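**Student:** There's a structure below that I have some questions on.
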Amino acid sequence: MAQESVVQGSAGQVQKEEHGHGKGTLGPLLCWAVVFADIGTSVYYVPGILYVTEGIGSLAGFFVLLTMTVFVLLTLKYAEVTHRFPQGGGVVTVAAQAMNHWFGALGGMFILVDYFLTAAISCLSGMLYLQVVAPSIGPYVLWITIGVLILLGILNWVGISESAKVSLVGAVIAFISDIAILFTVFTHVSLGEVGHLFGQMFVGHTLGPKVLLIGFAGSFLAFSGLESISQLSPVMRTPRKKTAGIALLIVVLTIGLTSPLLTVFSTLLLPAQAANANTNSYIISSLAGNWGGPWGAWLQIEVAISASALLVFASNTAIIGAYHVFMALSRMEFFPAVILKRNKLRNSPHYSIALATGIPIIILIAVNGRIDILGDLYAFGLLGAFSLTCLGLDIVRSRERKTARLVRKNLPQGNGYKQLSAKTVLAEVEEISHEITHTSGSVPAANGLEPDTIASMADPAHTWRQRISHLWHSLDFWLGILTTFLVMLAWSTNLVAKPLATIFGSSVTLFGMGIALANYLWSKKQGRLPVVVTTGVEGRMPGSVLAVLTAENGRNAAIIRTAIDISDGRPVVFLYLGEPKAARAPRIFEVVDPYLDDLKAKEYFGKAESQAQKAQIQRRFIYRQQKPDAISRVWHVIHPRDIVMSADKASDIADVSPDRIRYEITSQGKVAHLLKTW
């Protein structure tokens with residue numbers, strides 16, 4: 001039987017050590033299914049939305065093809081995010097670890113805007129497709145959509161959530177339906193006529209800079225759903241790099257084969273329906289009916305039903321994603337703790353689910369069920385989340401390159417790649433990280449740095465393989481910078497071209513950040529700063545003080561105060577040893593970080609941050625689960641001058657071999673100082 005153990009990383013990051021394949025984890029096919037079941041639904045409503053956008057019209061297919069090139073580059077970055085940040089959380093985790101928790105909160109607001117609109121537009125579009133089968137529901141589509149969203153909320157409250165296997169069935173049916181439509185079109189339209197159709201796209205259009213920018217930016221809506229791959233990290237089969245790479249390769253192939261062609265054919269072969277607000281919402285089904293020949297009517301009905309089901313499923317995925325982001329932001333103490341409350345009957349987070357369901361309903365009522373307005377509103381959150389994720393990954397990569405340069409400078413000359421292992425680099429990173437901290441003003445060993453990658457970049461290029469490896473890392477880095485520029489160009493274009501989206505997205509984001517700030521100020525008033533970033537790989541901090549805090553220790557407050565008092569301006573490392581908890585299988589879209597679930601650890605880290613900030617000393621926060629050698633392992637890396645800990649725990653770290661031990665009597669009990677001269 002395959003075994004998979006979950007171990008705690010130095011930054012509260014969940015890492016998985018797999019022997020075989022972990023039961024219950026998602027392989028490439030199931031990961032593709034979850035992503036395609038989200039991103040693959042965009043084609044059902046994007047052609048009509050793009051066609052009626054001013055200046056685009058018949059160019060809709062061209063712009064989807066154009067944006068497809070950036071989408072491919074974007075998938076490379078998101079594949080990297082999944083294995084660099086295995087705790088999940090997507091943009092929230094990337095931004096928090098690359099920059100700080102406030103950027104993590106900002107990323108959370110962006111992705112929430114995206115999820116709200118995905119839930120609304122997908123569910124509404126699903127009901128519009130259902131009109132093909134039941135035309136009588138036309139006047140009641142908005143209220144039926146609201147009813148379906150309420151039903152989805154109830155199902156999530158009951159505890160029926162996302163299933164990757166159900167996603168696989170829906171994704172396969174949708175993909176086969178898309179291929180069937182393309183097949184029927186190609187049986188009626190010759191290759192010569194197809195070439196003529198592509199030429200028709202540009203008739204009557206001038207591709208000026210304004211049109212190019214608006215079309216390019218607007219077409220990103222066709223690729224909404226890519227962000228879901230980064231939310232699957234905790235449930236992804238290891239090695240994640242391989243799993244995510246294969247899954248996203250299949251995503252690129254299936255989306256590249258269907259979305260651009262369906263957009264071209266639907267807008268050019270059915271221009272009257274594409275321009276009609278009453279029919280462009282289910283134009284893909286109409287394409288099947290008009291070009292399906294003798295089986296056209298049946299194919300149209302099949303596409304309408306499968307599209308409707310998959311769109312409702314995508315709406316449910318967005319609801320699940322949204323309430324998990326609400327919970328993650330609450331665990332990071334940006335949102336009130338009430339959001340985390342679970343009902344006694346079903347043990348589901350009913351407040352989070354209510355928000356994730358209720359806000360899309362309010363949006364639908366506000367726009368009176370206008371899918372074109374929903375499409376316009378989409379621009380802010382989607383591209384904002386893409387931009388912040390890309391920027392955060394670029395920052396992590398930049399730190400990695402900087403670390404590699406310093407490692408190379410410190411390594412003996414002539415050290416070949418075979419001798420330069422990840423373990424060697426890890427030791428070098430620990431040795432020089434304090435230098436990077438002083439020169440860059442940030443902690444260099446944030447989550448996301450990969451020793452293997454640093455080893456490859458730091459190794460002197462003596463062979464052609466090493467030269468190719470160096471060239472690839474440089475090319476990958478600069479391609480990433482280009483991707484970030486293009487995505488941010490699209491976002492900034494939409495900020496100007498789609499003022500309604502900017503107003504809506506900015507309002508929701510500012511309101512959410514206002515709640516986060518209010519919660520922060522309230523926590524500060526209580527005497528603690530809750531937003532604390534834990535570090536990844538711990539670098540040496542000679543002369544520092546290591547303050548050991550534990551879950552069952554009643555002297556934590558005294559240890560914090562003592563460590564700061566004796567630091568005399570030197571750095572203090574606060575190590576919290578949390579109680580080990582039994583590993584459980586994570587759920588889809590869940591952020592898995594034991595530190596965020598440890599209320600005592602967050603409380604004491606908050607108190608330590610508050611006092612250290614007032615004392616204006618350098619500090620670092622490390623979270624580990626209790627193990628016999630946890631303290632000594634950190635001690636051997638950091639090389640502190642003094643360990644401050646509870647006296648009754650001093651005997652637990654005999655291998656530290658301090659030069660001397662002294663005891664201090666505090667109001668909360670005896671505190672031990674383990675002193676060492678290196």
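The values are calculated or read from the model by the stated rules, or taken from the named source; none is laboratory data. The structure displayed is predicted, hence computed values, not measured ones. All Cβ positions, glycine included, derive from the backbone under ideal geometry; neighbour counts span all protein chains shown. Each accessible area value is taken on the protein alone, full model and side chains, heavy atoms only, with ligands, DNA and RNA left out. Shrake-Rupley method; radii C 1.70, N 1.55, O 1.52, S 1.80 Å.
**Student:** Expected output is a single nm value to one decimal: the length gained when fully extending between Ala354 and Trp143, i.e. 0.36 nm times separation in residues minus the C-alpha distance. What is it?
**Tutor:** Extra length available between Ala354 and Trp143 comes to 74.2 nm.
**Student:** Using only Cα atoms, what is the ratio of the radius of gyration of the range 549-621 to 2.2 N^0.38 Å?
**Tutor:** So the range 549-621 has a normalised radius of gyration of 1.30.
**Student:** Let me ask another. Residue farthest toward the positive end of the dipole of the range 249-371, with Cβ of Lys/Arg at +1 and Asp/Glu at -1: which of Tyr282, Met327, Leu262?
**Tutor:** Looking along the dipole axis, the top candidate is Met327.
**Student:** Please get the size of the charge dipole for the range 539-608, origin at its Cα centre, with Cβ charges of +1 on Lys and Arg and -1 on Asp and Glu, quoted in debye to the nearest 20.
**Tutor:** Dipole of the range 539-608, to the nearest 20 debye: 60 debye.
**Student:** Send over a whole-number figure in Å² for the accessible area per residue of the range 148-207, probe 1.4 Å.
**Tutor:** Accessible surface, normalised per residue, equals 54 Å².
**Student:** Once amide H atoms are placed 1.01 Å from N in the peptide plane, what residues at a sequence separation of 5 or more from Arg619, or on another chain, have their amide H within under 5 Å of its amide H?
**Tutor:** The answer is Val572.
**Student:** Of the accessible area of the range 233-375, with the probe set at 1.4 angstrom, what percent is carbon plus sulfur?
**Tutor:** The nonpolar share, carbon plus sulfur, comes to 66 percent.
**Student:** Further question: On a 31 Å Cα-Cα criterion, which of the cross-link pairs Lys165/Lys498; Lys581/Lys607; Lys242/Lys607; Lys241/Lys676; Lys581/Lys614 come out too long?
**Tutor:** Lys165/Lys498; Lys242/Lys607; Lys241/Lys676; Lys581/Lys614
**Student:** Could I ask something else about it? Under 5 Å between amide hydrogens, which residues at least 5 positions from Met236 or on another chain qualify, with H placed 1.01 Å from N in the peptide plane?
**Tutor:** Amide H to amide H, under 5 Å and 5 or more residues apart or across chains, Met236 pairs with Leu26.
**Student:** Then there's this: Using a 1.4 Å probe on the protein heavy atoms only, what accessible surface does Arg620 show? Give it in Å² to the nearest 10.
**Tutor:** Arg620 has an accessible surface of roughly 10 Å² with all protein chains in place.
**Student:** Can you sort Arg660, Arg619, Arg240 by solvent-accessible area, 1.4 Å probe, largest first?
**Tutor:** Arg660, Arg619, Arg240
**Student:** Once phi is turned into ³J(HN,Hα) by the Karplus curve 6.51 cos²θ - 1.76 cosθ + 1.60 with θ = phi - 60°, what whole-Hz value does each residue of the range 60-72 show in order, with x for glycine and proline?
**Tutor:** 3, x, 4, 6, 5, 4, 4, 6, 4, 5, 6, 4, 4
**Student:** Would you tell me the accessible area of Val132, worked out with a 1.4 angstrom probe on the heavy atoms of the protein chains, in Å² to the nearest 10?
**Tutor:** Val132 exposes around 40 Å² with every protein chain in place.
**Student:** With a 1.4 Å probe and all protein chains kept in place, how much accessible area does His636 have, in Å² rounded to the nearest 10?
**Tutor:** Rounded to the nearest 10, the figure is 90 Å².
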